[in-house]
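Only one structure is covered here, and it is reproduced in the block below.
All of the numbers you see were taken from the coordinates with simple rules; none came from a lab. Model, not experiment: these values are computed from the prediction. Every residue, glycine as well, gets a Cβ built from its backbone with ideal geometry; the counts of neighbours run over all protein chains shown.
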Amino acid sequence: MPKSKKSFDKYAYYQLAVQSPEDHVHIFERMFYELRGRQGLSLREDFCGTGLISCEWVKSNPKRTAVGLDLDLEPLEYGRKNHINKLPSSVRRRVKTVKQNVMKVTRQKFDFIGAGNFSFFVFKDRHTLLQYFKAALKSLNREGIFALELAGGPGFIVSEREQRTYRDKKLGKCVYYWDQKDFDPVTHYGMYAIHFKTEDGVMHRDCFTYDWRVWTIPELKEAMLEAGFKAVHVYWESADERGEGTGEFLRSDSGENDYSWIAFVVGTK
Ligand SMILES: C[S@@+](CC[C@H](N)C(=O)[O-])C[C@H]1O[C@@H](n2cnc3c(N)ncnc32)[C@H](O)[C@@H]1O
């Protein structure tokens, strides 16, 4: 196996293969507008990692502000250096990321709290989930909205390894692997991982690993209502004529029994 000479920047590969912050901002702003009839201005990005969604949010409108929260200094510092510090100063001063547990109520109150890429699956029992929802509710302003992105369907729990090839000017050709290692139907605990193969042929295993509980939509709705949210909505991805997801999420009381799906559960104050 050839050895990689260049240092491996796992966040750059993650950004290329996994993240689309423009899509998240588009989804969040549409939800807020639909539910509140005005533009959402302040965002708290929970489990922000490198804070890419926060950066995109403040870029999208000069009145917008964003605070990202994450427990891990490594992605936070990477994001400060590579994303926040590269923004023009008029944009940069409206965004910050903080090393903080999302379980803690923030002094600042927000229009929108969003948690992307299923990160809240890290909470493995209902009591903890409920504490998180209560803390989020207290961190919202009067018209605040709380949105959780989740995945599900049989295709999300089977043992399976999906791969996709990317070609990027800077990173070259690389292969992204989404590895669904294990799932227990009794506990709904699942083990997931991301690997990358870089252009030099080196396989970088377990760059990101996830020890999750795969929550279901009704469990989340019930817990949000119990935490005190006034109403809970589900945003389900619309499909084109061929049944492919369009990237647009619409408020819905039911969904298709797709092999794999992504949805948002959204609580309003
Ligand atoms: C799947 S990554 C999400 C990265 C990014 N939000 C995205 O959309 O790709 C999950 C992140 O959640 C953070 N995290 C886990 N538990 C947390 C907690 N209780 N409070 C804040 N951050 C937490 C981890 O440090 C990690 O960076």
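Let me check I've understood the local charge: for PHE229, count other residues with C-beta under 12 angstrom from its C-beta, Lys and Arg +1, Asp and Glu -1. What total comes out? So the surrounding residues net to +3. Relative to its Kirkwood radius, the Cα radius of gyration of the stretch 76-180 gives an Rg/Rh of 1.05.
For the chain, the C-alpha radius of gyration divided by 2.2 N^0.38 Å, with N the number of residues, is 1.01.
Each of SER252, TYR166, VAL234 was placed along the dipole of the chain (beta-carbon charges, centred on the mean Cα), and the one lying farthest toward the positive end is TYR166.
For the chain, what does the helix formula give at 222 nm: sum of -39500 (n - 2.57) over DSSP H segments with n ≥ 4, over the residue count, nearest 500 deg cm²/dmol?
-8000 deg cm²/dmol
What the phi angles of the stretch 216-230 give under the Karplus curve with 6.51, -1.76 and 1.60, with θ = phi - 60°, is a coupling list of 9, 4, x, 4, 5, 4, 5, 5, 5, 5, 5, 6, x, 5, 5 Hz, glycine and proline written as x. In order along the stretch 139-148, phi translates into HN-Hα couplings of 9, 9, 7, 3, 9, x, 9, 10, 10, 10 Hz, rounded to whole numbers, per the Karplus curve 6.51 cos²θ - 1.76 cosθ + 1.60 with θ = phi - 60° and x for Gly and Pro. Of all beta bridges that DSSP places with both ends in the chain, some 70 percent have antiparallel geometry. Here, P(r) means the percent of Cα pairs in each 5 Å bin from 0 to the largest distance; for the stretch 140-180 it is 6, 14, 15, 13, 11, 12, 12, 9, 7, 1. Straight-distance candidates among the lysines for linking to LYS221, with alpha-carbon spacing under 19 Å and chain neighbours fewer than 8 residues away dropped: LYS124, LYS134, LYS138, LYS230, LYS269.
Dipole orientation for the stretch 1-160: of the candidates LEU130, HIS26, VAL105, VAL105 has the Cα lying most toward the positive pole (charges on Cβ; Lys, Arg +1; Asp, Glu -1). Note on the stretch 186-225: the alpha carbon radius of gyration divided by the globular reference 2.2 N^0.38 Å gives 1.80.
Max-minus-min Cα coordinates of the stretch 132-215 on each principal axis give 52, 37, 19 Å, with the largest extent listed first. Across the stretch 10-103 the C-alpha pair distances fall into 10 Å bins from zero in the proportions 18, 49, 30, 4 percent.
With all pairs of different C-alpha atoms in the average, the Kirkwood value for the hydrodynamic radius of the stretch 98-237 is 17.1 Å.
Kirkwood-type hydrodynamic radius, the stretch 110-171: 14.6 Å, calculated from all non-identical alpha-carbon pairs. With Cα atoms as the point set, the radius of gyration and Dmax of the stretch 214-268 evaluate to 12.2, 39 Å.
Stokes-Einstein, applied to the Kirkwood radius of the stretch 165-255 over Cα pairs at a viscosity of 1.306 mPa s and 10 °C, places its translational diffusion at 95 µm² s⁻¹.
The magnitude of the dipole of the stretch 171-260, with charges of +1 and -1 set on the Cβ of Lys/Arg and Asp/Glu and taken from the Cα centre, is near 240 debye.
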